[in-house]
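Step one of this worksheet: look at the structure below.
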Amino acid sequence: MSLWFEWQDAPSGDFAVIGDPIAHSLSPKMHTAAYAALGMDTTYHAVRVPARDFVPALDRMRALGYTGVNVTVPLKELAASWCDSERDGTGVVNTLNLVKGTGVNTDLPGFQETVTDLGLESGRALVLGAGGSARSVVIGLSRLGWDIALFNRTHTRATALVEACAVPVQLLSEPSPAGCSLIVNTTSAGLSGESPDVTWNELEEGSVAYDLMYGNEPTEFLCQATAHGARGVDGRALLVAQGALSFEWWTGLPAPRDAMLQVVA
Ligand code: NDP
């Protein structure tokens, strides 16, 4: 568990991750290790920012000297509307430059890197969830040639995602992994120790269950998936991939990925 601050109490600093909740984030540990590996005296904090305080919190952090922030749940859509960003089709942003007012979404290329590293042939994937990160997952998988089925607890949000992402997605009325070689959990259910519903008895043999979430212990989703025979993958590789791309966007330097991976592994 890392040290974190309420946005009203945040000290001056260089970079930070903001979101709500934030206590679980390994980003401070990982980015601090990256700057240390390059001999840079740069700080990176975790700051809790509820959605309603997004703009005043950014104003305060900019006044305190912060150059950039990573943005996590539930602020990625707000971040996209706050900044100028390259249009990658997701409508979300997870990395901001507070000085320039610009942003980028490193979740999309970061997620694609991690899926490619799984070494799977593209086939049919089940995506669970329809929040900010689901947009990166859906577009990322589609561009890698996957057919996508999607289930979200709130159907209207799933419909909105499909309209926003403009890639072919089959919306499901049941969370069935039938025919899928990859199941990606993009929900934040794990933050409260829960798993999204999945009809596990329809799981295909040899499939991979990928949870974007990570923690000290396997998430409930990964526990259920592996108990039903899937290969489980958690979100640490994605944490490093998207974090390394953010680091490079801010600094223009190659990120020391080995050092970053070592502290979160
Ligand atoms: P959002 O708040 O934008 O979306 C949350 C989604 O989770 C919604 O679809 C919501 O459904 C669903 N959900 C929440 N609780 C439950 C539940 N109990 N059962 C079923 N569905 C649920 O979050 P993000 O998309 O930004 O982030 C999602 C998760 O991905 C977070 O845990 C985040 O930490 C993780 N993540 C990890 C990354 C990494 O680097 N490893 C990178 C990006 C994200 P509904 O619409 O019905 O409310």
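The values are calculated or read from the model by the stated rules, or taken from the named source; none is laboratory data. Remember, predicted model here, so these are calculated numbers, not experimental data. Cβ placement follows ideal geometry from the backbone for every residue including glycine, while neighbour counts extend to all protein chains displayed.
Of all residues in segment 43-68, count the ones that are of a type in the set (A, V, I, L, M, F, W, C), under 18 Å from D14 (Cβ atoms) and out of contact with any Ser or Thr (no Cβ under 8 Å at 6 or more places or on another chain).
The total comes to 6.
Considering only segment 203-222, state which residues are of a type outside the set (S, T, N, Q) and surrounded by fewer than 15 Cβ atoms within 10 Å (Cβ to Cβ).
E205, G206, E217
Within segment 77-95, count every residue that is assigned to a helix (DSSP H, G or I) and at pLDDT below 95.
Summing the residues that are assigned to a helix (DSSP H, G or I) and at pLDDT below 95 in segment 77-95 gives 1.
Looking at the structure I just gave you, is H45 under 26 Å from P254 (Cα atoms) and away from the ligand (no atom under 16 Å from the Cβ)?
Against the criterion (under 26 Å from P254 (Cα atoms) and away from the ligand (no atom under 16 Å from the Cβ)), H45 qualifies.
Kindly evaluate A125 against the criterion of being outside any loop (DSSP other than H, G, I, E, B), touching a Leu at 6+ places or on another chain (Cβ under 6 Å) and away from the ligand (no atom under 15 Å from the Cβ). Break it down stepwise before answering.
On the way: outside any loop (DSSP other than H, G, I, E, B): yes; touching a Leu at 6+ places or on another chain (Cβ under 6 Å): yes; away from the ligand (no atom under 15 Å from the Cβ): yes.
So A125 passes the test.
Quick check on A34: is it closer than 25 Å to F111 by Cα and out of contact with any strand residue (DSSP E or B) (no Cβ under 8 Å at 6 or more places or on another chain)?
Against the criterion (closer than 25 Å to F111 by Cα and out of contact with any strand residue (DSSP E or B) (no Cβ under 8 Å at 6 or more places or on another chain)), A34 qualifies.
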